[in-house]
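Here is the structure we will look at.
Values quoted throughout were computed directly from the atomic coordinates according to the rules given, and no laboratory measurement underlies them. This one's a predicted model, so the numbers in the text were calculated from it and none came from an experiment. Cβ placement follows ideal geometry from the backbone for every residue including glycine, while neighbour counts extend to all protein chains displayed.
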Amino acid sequence: MSDTRSKDEVREDIAGTRAELAGTASALAAKADVKAQVKNAVTEKKQAAAEKTAQLKEAAAEKTRSAAEGLTHVKQSTAETASRVAEHAAETKEQFVGRTDADGKLRERRPMPLAVAGGVLLAGAAAAATLLRRRRRR
């Protein structure tokens, strides 16, 4: 077999083959190095855990912000409701007890209607009967 290549071409070919062989040998050495593989796997797992932790922290912070906003809304709603209840209680008191003048003296007295009193009495009796029935069942 005759080779028509020059010496320089052969040297370049040999250098390329040596480089390829060196890369293959490095790859084989890396596969055989179990300690390095374990170390790399541990490093990858640590990075994945750190990323997941960061995601969870961000999600928790978002939920906390959302809950705080909801709590603010509930506080405002509660304050508004309490204000309305206080106004209604004052109106109801004025309706059933009577009106007072600026000195605090009772100017006009209105007795509580008997129908309301009867309704309250009936509701109380029904509640008591229900409680007694429950106690007997136990």
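The table for this structure:
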quantity: Selection from S66, A79, Q47, by position along the positive dipole direction of the range 40-96 (Cβ); calculated: Q47
quantity: Note, ³J(HN,Hα) from phi for the range 14-27, Karplus 6.51, -1.76, 1.60, rounded to Hz, x at Gly and Pro; calculated: 5, 5, x, 5, 4, 5, 5, 5, 5, x, 5, 5, 5, 5
quantity: Tensor-based shape of the range 40-96 (alpha-carbon gyration tensor, a/c under 1.5 rounded, otherwise prolate or oblate); calculated: prolate
quantity: Label point distance in nm, L71-R137, each placed 7 Å from Cα along Cα→Cβ; calculated: 3.9
quantity: Neighbourhood charge, 15 Å Cβ-Cβ cut-off, centred on K45 and excluding it, Lys, Arg +1 and Asp, Glu -1; calculated: +1
